[in-house]
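The values are calculated or read from the model by the stated rules, or taken from the named source; none is laboratory data. For clarity, every value in this text was computed on a predicted model and none was experimentally measured. All Cβ positions, even for glycine, are placed from backbone atoms using ideal geometry, and neighbour counts span all protein chains on display.
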Amino acid sequence: MNMIDVIVPVYRGLEETKECIESALRTLPSGASQLVVINDCSPEIEVTEYLRARAKTGGFQLLENAENLGFVATVNKGMSLNPLHDVLLLNSDVEVENDWLERIAVAAYSEPNIGSVTPFSNNATICSFPNFCEDNALFNGLSVKKLDAICASSNPEGSVVDIPTGVGFCMFIRRDCLNKVGLFDVDTFGKGYGEENDWCQRAIKAGWRNVHLMNVFVYHKGGVSFADEQDPRKDRALELLNGLHPNYQGDVHAFINKDPAKPYRLKFLLSLLANDQRPKILSIDHGLGGGVVQHVEELAAHVESRAITLRLYPCSEGVVKLSFSLTEHIKDSLEFNIASQYDDLLLLCRYLGVGFVHFHHVMGLPTRLWAIAADLDCEYDVTVHDYYFINGNPTLTDKHGVYCEDRASRDERCIEHYPIPVSAETWRGNQVGLLVGASRVIFPSYDTRNRFLRDFALDNTVVAWHPDSKNSTQHPAPLFGFGSQSKRKLRVLVLGAISREKGADVLEQVADSLNGRSVEFHLLGYAYRPLSSNVTTHGPYLLDELDAKIAAINPDVMWFPAQWPETYSYTLSTALEKGFPVVVPNIGAFSERVAGRAFSAVKNWDMSVNGWKSFWLNVAAEGAIETSNLQAEGCSCLFYDDRYIKGNWSRKSDETVSIETLCLWLDVVTSNNLCRRERVLKRLWKIREHSIFGKFSALIPFKMQRYIKRKLSQKPIHEILK
């Protein structure tokens, strides 16, 4: 094996350069490699001063360009320095650890035709970890040393996949390949970007391979040298590459679609999770998005310093998807056919050290999973997000989307809306075992718990508002700025995706009744069908757009016209956090969450259209909104801080389980794409929203529209559209 020149071109970034050089000096194998640092006439005097002073202490060779040559010419200078040495190109914003270079060199010589080697990094496009083709932070805040050590142990020595191009932040090049292919093309690529892609394509055409190494991880900050001009360079480089190598883009896209490194990324990821000493929570939900998944993600973030949350949810008939580390938003996932792979799922959970199960919903879930906590010999909680356990109807509403208040007729009317294969009594009998066996049944409001206790005798209940309520004491005091002398209309905002159950029909009817009067209605979100022009519909929004969109509407009050007893309501949280006056119904969690709050009116949920008309006209005329005088029960805002996680949730990884065996058994899939049916639904929705076709879609009965939607996907429509 040849001597290796580790070449570090430097232009900007003092702190990054220091970290790079010190980490290289600390880890390079003595006698087998040398560090060559080239100062490309840095415009930062402190960089030049550091390099000169540090070079005097020994350990590396410093070269200085009299004028700025640019990255490509500087690298060529380094690669030409010692014609018998292999080279490793290392950006000045890279940190390395352990015996990284030895492992790279072993891989480079594992086959006679390997020309270049690129390891894993957090910021390495097609060699990125944990998320492929993305810039990532260091996983779970771990050190580079720890990440590289686990990477080395999780994948076999010399395990590689072929790639259409190496990535120049840390790329090993064998001298025999360099002699055949030549240096980087400085005439074409100037000061930098795209030169290594061109070189790798030339290497392939000369019969050499570029490989991605699976058992080395290095840290790459990214964008330090050319941070101000990287995008224009990238665009120009792609044009040049397409001209020189017309196959390049197609080869890269084919590689991304195939993603042969995914099993290795997963082994690396699973090893990291298994080595983490925090308790592992298996969080189970229905996979339909909405407030349930928002709470799952919020709770995972809330406890991330104390526990790791894995998410399990149904994705098709009998198949569930397991996603990892929700706070890191890992895209890779695993799927299990429960009929044939349930034991594999248990095996993986034991390997990861899952010590607690938290059921957030069981709709669409194979019933065999109800026993997963017992099979893992651990406790479980159930959080009640809706009323599915009572009779299969999550909202307890009839076929018109109206709450079934009369319990004598409730089940019959609810089942007409949400048919179930057995009687309501049998349904509840089937569900009660899961509830009674839970360590705790958690309700996000007293109203929800009280309704449940009419049907289930439970002595393991906890009432706890969601973690976002912890900030309720910091919410701004609401102000109602609309005066009776205002020359404009009272502006009322309804927020979110509203179904009939959430009051879409009520909103439209009230808006139509006040057409041309002193009140205007806005919907930021969308309804289950297009509403009349008397409701200004602003369409779906992303959470990071919400503040700006609300500010643009500038509402005076937010209204929640729900027709069912909502269990919590994140849209209400938004209103409270922003200090808006609110008008809420007297069922569900609304009234207890606004108890004693100024400018927070609690009205009958089933008030008539004329009643609402009079109410809003009076608010506009008087310039005033009443204050709720209700007294709420003492709901805990701190449950998830001090009582949620228990000491017995920690489990050691089952060392008898082989990570290689796991990955041979498990089916590897990607979680972030829409299936074919969902793509069809997305197209149909866009057609329906068109100004012309929307008129025709209104003629299709709602029941038929709902049937089509449910056949195509169980996900909320905003999950499909985003």
Among the residues of region 394-409, what is the count of those that are within 16 Å of E425 (Cα to Cα) and either surrounded by fewer than 22 Cβ atoms within 10 Å (Cβ to Cβ) or assigned by TED's automatic domain parsing to the domain that holds M704 (or both)? 3
K331 fails exactly one of (1) in contact with a helix residue (DSSP H, G or I) (Cβ under 9 Å, 6 or more places away or on another chain); (2) modelled with pLDDT under 95, namely (1)
Among (1) assigned to a helix (DSSP H, G or I); (2) within 35 Å of the chain's Cα centre (by Cα); (3) without any contact (Cβ under 8 Å) to a residue 40 or more places away in the chain, N393 falls short only on (1)
Scan region 346-367 and tell me whether some residue there is of a type in the set (S, T, N, Q) and touching a helix residue (DSSP H, G or I) at 6+ places or on another chain (Cβ under 8 Å). no
Which of the residues that make up region 434-454 are assigned to a loop (DSSP other than H, G, I, E, B) and either over 22 Å from I372 (Cα atoms) or touching a Gly at 6+ places or on another chain (Cβ under 7 Å) (or both)? P444, S445, L453, R454
Determine if region 417-429 includes at least one residue that is in a loop (DSSP other than H, G, I, E, B), free of Cβ contacts under 8 Å to residues at least 40 places away in the same chain, of a type in the set (A, V, I, L, M, F, W, C) and in contact with a strand residue (DSSP E or B) (Cβ under 8 Å, 6 or more places away or on another chain). no
Could you say which residue among G433, G429, G483 is surrounded by fewer than 16 Cβ atoms within 10 Å (Cβ to Cβ) and modelled with pLDDT under 95? G483
Mind listing just one residue for me: the one in region 346-391 that is in contact with a Pro (Cβ under 8 Å, 6 or more places away or on another chain) and of a type in the set (F, W, Y) and, of those, farthest from R710 (Cα to Cα)? F356
Those residues of region 85-128 which are among the polar types (S, T, N, Q) and either part of a loop (DSSP other than H, G, I, E, B) or more than 36 Å from the chain's Cα centre (by Cα) (or both) amount to N91, S92, N98, S110, N113, N122
Across region 490-516, the tally of residues that are modelled with pLDDT of 95 or more, in a loop (DSSP other than H, G, I, E, B) and over 38 Å from the mean Cα position of the chain (by Cα) stands at 1
Matching option when the condition is without any contact (Cβ under 8 Å) to a residue 24 or more places away in the chain, closer than 30 Å to K709 by Cβ and surrounded by fewer than 20 Cβ atoms within 10 Å (Cβ to Cβ), among N450, N534, N515: N515
Taking first residues from region 63-76 that are within 13 Å of G194 (Cα to Cα) and second residues anywhere that are surrounded by fewer than 17 Cβ atoms within 10 Å (Cβ to Cβ) and polar (S, T, N, Q), the pairs with Cβ under 9 Å that are 6 or more apart or on different chains are V72/T188
Restricting to region 55-84, give me the number of residues that are in a strand (DSSP E or B) and either aliphatic (A, V, I, L, M) or closer than 18 Å to G115 by Cβ (or both). 2
So which residues in region 208-218 are surrounded by fewer than 24 Cβ atoms within 10 Å (Cβ to Cβ) and aromatic (F, W, Y)? W208
Of all residues in region 584-605 being on the phi > 0 side of the Ramachandran plot and touching a residue at least 60 places away in the same chain (Cβ under 8 Å), the one that is nearest to the chain's Cα centre (by Cα): G588
So if I check each of G291, G190, which one is among the small types (G, A, S) and touching a Ser or Thr at 6+ places or on another chain (Cβ under 8 Å)? G291
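A quick yes/no check of all residues on (1) aliphatic (A, V, I, L, M); (2) surrounded by fewer than 22 Cβ atoms within 10 Å (Cβ to Cβ); (3) in contact (Cβ under 8 Å) with a residue 60 or more places away in the chain; (4) outside any loop (DSSP other than H, G, I, E, B):
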| site | (1), (2), (3), (4) |
| --- | --- |
| A237 | yes, yes, no, yes |
| L240 | yes, yes, no, yes |
| G243 | no, yes, no, yes |
| L266 | yes, no, yes, yes |
| S271 | no, yes, yes, yes |
| I281 | yes, no, yes, yes |
State all residues of region 330-342 that are closer than 17 Å to L270 by Cβ and of a type outside the set (A, V, I, L, M); if no residue qualifies, say none. K331, D332, S333, E335, F336, Q341
Against the conditions (1) assigned to a helix (DSSP H, G or I); (2) under 23 Å from Q249 (Cβ atoms), where does N179 fall short? Just the number, please. (2)
Residue ID - nearest to Q294 (Cα to Cα), chosen from residues in region 305-322 that are surrounded by fewer than 23 Cβ atoms within 10 Å (Cβ to Cβ) and of a type in the set (S, T, N, Q): S305
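Residue-by-condition table, conditions (1) within 24 Å of K145 (Cα to Cα); (2) in contact with a helix residue (DSSP H, G or I) (Cβ under 8 Å, 6 or more places away or on another chain); (3) assigned by TED's automatic domain parsing to the domain that holds E102; (4) surrounded by fewer than 22 Cβ atoms within 10 Å (Cβ to Cβ):
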{"position": "L14", "(1), (2), (3), (4)": "yes, yes, yes, yes"}
{"position": "E19", "(1), (2), (3), (4)": "yes, no, yes, yes"}
{"position": "I38", "(1), (2), (3), (4)": "no, yes, yes, no"}
{"position": "E44", "(1), (2), (3), (4)": "no, yes, yes, yes"}
{"position": "E49", "(1), (2), (3), (4)": "no, no, yes, yes"}
{"position": "A55", "(1), (2), (3), (4)": "no, no, yes, yes"}
{"position": "L63", "(1), (2), (3), (4)": "no, yes, yes, yes"}
{"position": "N76", "(1), (2), (3), (4)": "no, yes, yes, yes"}
It is to be established whether one or more residues within region 194-205 are surrounded by 14 or more Cβ atoms within 10 Å (Cβ to Cβ), more than 28 Å from the chain's Cα centre (by Cα) and not in a helix (DSSP H, G or I). yes
Note on region 323-375: residues buried (at least 19 other Cβ atoms within 10 Å of the Cβ), in a strand (DSSP E or B) and among the charged types (D, E, K, R) are D332
For T627, all conditions in the list (1) over 28 Å from L282 (Cα atoms); (2) modelled with pLDDT under 90; (3) crowded, with 20+ Cβ neighbours inside 10 Å hold save one; what is the number of the exception? (3)
Here the residues within region 641-652 that are part of a helix (DSSP H, G or I) and at pLDDT below 95 are D641, D642, G647, N648
Candidates D398, D375, D406 - the one that is free of Cβ contacts under 8 Å to residues at least 40 places away in the same chain and closer than 27 Å to R440 by Cα: D375
Based on what the data block shows, is H385 crowded, with 19+ Cβ neighbours inside 10 Å, assigned to a loop (DSSP other than H, G, I, E, B) and not assigned by TED's automatic domain parsing to the domain that holds Q563? yes
